Amino acid sequence: MPANEWYKKWFNSPFYHKLYFGRDEKKTQSFINKLINYLKPQTDSRMLDVACGRGRHSKLLAANGFDVTGFDISPDAIQYARQFENDHLHFYLHDMRLPLWVNYFDYAFNFFTSFGYFASRREHDDAMRTIASSLKKTGVLIFDYLNVHYSEDHLIHNEVKMIDGTEYEIHRWHDNKHFYKKIIISDPGLQHPLEFTEKVAKFNLGDFTDMLSFQNMQVTEAFGDYELNSYDVRKTARMIVVAKKNRE
């Protein structure tokens, strides 16, 4: 597998989910509730969860009665998520760079910095085209991304985490265009430590504005955290972008 497709193997690893998603479900539920209160979707809204992983956000959206479709590039994640499928919740194995439904969804979500992983800007533009084209003319898109400037200022270069008997040795650094995270995993069930290196593009609000404008979408709001407080370029850890299609 090419080094620039590191995400295919890492996102398919059970250690990825143990590291990132052994989280407080109440906080995730609170975030979803705040988004729903903000967006005020119609009860029959169709929603798309892009790079849905094991479906933690999709399940919460569907529990509110919306028709939710999630897709992800990880076969193991989708296989796991499919146990939760019902009449209002469906999961598919799919690469966001490739075309999908057109003019079908009322809302599209991309949670937890599930973007910025590809090797070229063209691939990111392809992904953005897929997401934007999936939306109806009145569709709304939500991107939950890291705040580049805050992350630069608050980067923890080295740390060790112990989760359920697994040790994660983490090293972080960055250059002009990307953040990097090297993760060395030691577990009693492994003969040798595993090693993964994440690479995430430094897309700021201007970059998202540009990419979205090429897809006839306009940024209408930006929040800085999961409480939906205002975005601040230096003070808030997240950059939650809201965009709508321009009227033709």
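For the list (1) assigned to a strand (DSSP E or B); (2) outside the structural domain of Trp10 (by TED's automatic domain parsing), I need the number of the one condition that Gly189 fails.
Failed condition: (1).
Considering only the stretch 21-50, how many residues are surrounded by 13 or more Cβ atoms within 10 Å (Cβ to Cβ) and either more than 23 Å from Asn229 (Cβ to Cβ) or not hydroxyl-bearing (Ser, Thr, Tyr) (or both)?
15
With the checklist (1) within 18 Å of Val140 (Cβ to Cβ); (2) within 16 Å of the chain's Cα centre (by Cα) in hand, flag the one item Gly116 doesn't pass.
Result: Gly116 passes all but (1).
What do you reckon, is Ser133 within 25 Å of Leu19 (Cβ to Cβ) and in contact (Cβ under 8 Å) with a residue 12 or more places away in the chain?
Against the criterion (within 25 Å of Leu19 (Cβ to Cβ) and in contact (Cβ under 8 Å) with a residue 12 or more places away in the chain), Ser133 does not qualify.
In this structure, does Thr220 turn out to be at pLDDT 95 or above, outside any strand (DSSP E or B) and of a type in the set (Ser, Thr, Tyr)?
no
Being over 18 Å from Trp101 (Cβ atoms), among the charged types (D, E, K, R) and over 18 Å from the mean Cα position of the chain (by Cα) is the filter here; which residues of the stretch 65-86 pass it?
Listed by number, the list holds a single entry, Arg82.
If Glu152 passes every condition in (1) farther than 22 Å from Phe31 by Cα; (2) assigned to a loop (DSSP other than H, G, I, E, B); (3) touching a His at 6+ places or on another chain (Cβ under 7 Å) but one, which one does it miss?
(2)
Answer with yes or no whether Asp125 is of a type outside the set (Phe, Trp, Tyr), surrounded by fewer than 19 Cβ atoms within 10 Å (Cβ to Cβ) and touching a residue at least 40 places away in the same chain (Cβ under 8 Å).
Yes: the conditions hold for Asp125.
How many residues does the stretch 70-116 contain that are surrounded by fewer than 21 Cβ atoms within 10 Å (Cβ to Cβ), outside any loop (DSSP other than H, G, I, E, B), in contact with a strand residue (DSSP E or B) (Cβ under 8 Å, 6 or more places away or on another chain) and hydroxyl-bearing (Ser, Thr, Tyr)?
Residues meeting the conditions: 1.
Please verify whether Ala62 is outside any loop (DSSP other than H, G, I, E, B), touching a Leu at 6+ places or on another chain (Cβ under 6 Å) and at pLDDT 95 or above, treating the condition exactly as stated.
The answer is yes for Ala62.
Scan the stretch 146-169 for residues that are of a type in the set (A, V, I, L, M) and exposed (fewer than 12 other Cβ atoms within 10 Å of the Cβ) and report the count.
Residues flagged as of a type in the set (A, V, I, L, M) and exposed (fewer than 12 other Cβ atoms within 10 Å of the Cβ) within the stretch 146-169 amount to 3.
Answer yes or no: is there a residue in the stretch 170-182 that is touching a helix residue (DSSP H, G or I) at 6+ places or on another chain (Cβ under 7 Å), assigned to a strand (DSSP E or B), in contact (Cβ under 8 Å) with a residue 60 or more places away in the chain and of a type outside the set (Phe, Trp, Tyr).
no
The values are calculated or read from the model by the stated rules, or taken from the named source; none is laboratory data. Fair warning: this is a prediction, and the values are worked out from it, not measured in the lab. All Cβ positions, glycine included, derive from the backbone under ideal geometry; neighbour counts span all protein chains shown.
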